[in-house]
Amino acid sequence: MRVALIAESFLPHTNGVTHSLLRVIDHLLDHGHQAMVMTPQARRGDGDHHPTYREVPVTPVPAIGGPGYRDVRVCTAGPARIGRTLASWRPDIVHLASPFMLGWAALKATQPLG
C-alpha cells in the first residue's frame, strides 16, 4: 500500500505531530508499505530542505512563516499543485496529520483523484 502523509510540520522540527508521523512511518515500512511525506517548505535558516527519515521521500510545498512564529510554516500551495504531486506519486491512501492550511488544500486536492 502507498500512503501519503500530509503534515503541517515535520523534521527538522520536533513536536507531537512529527513524533507521531515517525511512528506511523516506522509501522508502515515495517509492514511492507510505502510512504511519502508532504509538508510546508522549511525556512531559509534550515537549509531549504527537510531531512529524510528511513529514506521516505519528503516533498516540501511553498510556505511562509507564521506571524510572530518563524518556525511555524503556513502552506501557500493550492489544491491544484498538491493534486499534481499526489497524482504523480499515486497513493492508495492520503492521511491528513493535524490538518490546517496544507491539510485543507490536500483534502480539496484528493476529491478529484478519488
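The values are calculated or read from the model by the stated rules, or taken from the named source; none is laboratory data. As the structure is a prediction and not an experimental result, all values here were calculated from the model. Cβ coordinates were reconstructed from backbone atoms using ideal geometry, including for glycine residues, and neighbour counts include every protein chain displayed. Heavy atoms of the whole protein, side chains included, go into the accessibility calculation; ligands, DNA and RNA do not. Shrake-Rupley method; radii C 1.70, N 1.55, O 1.52, S 1.80 Å.
See the values below:
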{"read-out": "Any chance P40 is surrounded by fewer than 14 Cβ atoms within 10 Å (Cβ to Cβ), closer than 11 Å to F10 by Cβ, of a type outside the set (A, V, I, L, M, F, W, C) and touching a residue at least 12 places away in the same chain (Cβ under 8 Å)", "value": "no"}
{"read-out": "Among (1) of a type in the set (A, V, I, L, M, F, W, C); (2) in a strand (DSSP E or B); (3) under 22 Å from V3 (Cβ atoms), the one test that I64 misses", "value": "(3)"}
{"read-out": "Pick from region 9-20, criterion among the hydroxyl-bearing types (S, T, Y) and surrounded by fewer than 16 Cβ atoms within 10 Å (Cβ to Cβ), ranking: nearest to G65 (Cα to Cα)", "value": "T14"}
{"read-out": "Evaluation of T18 against (1) assigned to a helix (DSSP H, G or I); (2) touching a residue at least 60 places away in the same chain (Cβ under 8 Å) (one fails), failing number", "value": "(2)"}
{"read-out": "Single match in R23, R73 (criterion: in contact (Cβ under 8 Å) with a residue 40 or more places away in the chain, basic (K, R), open to solvent by 30 Å² or more (accessible area, probe 1.4 Å) and not in a loop (DSSP other than H, G, I, E, B))", "value": "R73"}
{"read-out": "Failed condition for R90, given (1) surrounded by 13 or more Cβ atoms within 10 Å (Cβ to Cβ); (2) at pLDDT 95 or above", "value": "(1)"}
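Here's the yes/no breakdown for (1) of a type outside the set (D, E, K, R); (2) surrounded by 13 or more Cβ atoms within 10 Å (Cβ to Cβ):
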| site | (1), (2) |
| --- | --- |
| M1 | yes, no |
| A7 | yes, yes |
| R54 | no, no |
| F100 | yes, yes |
| A106 | yes, yes |
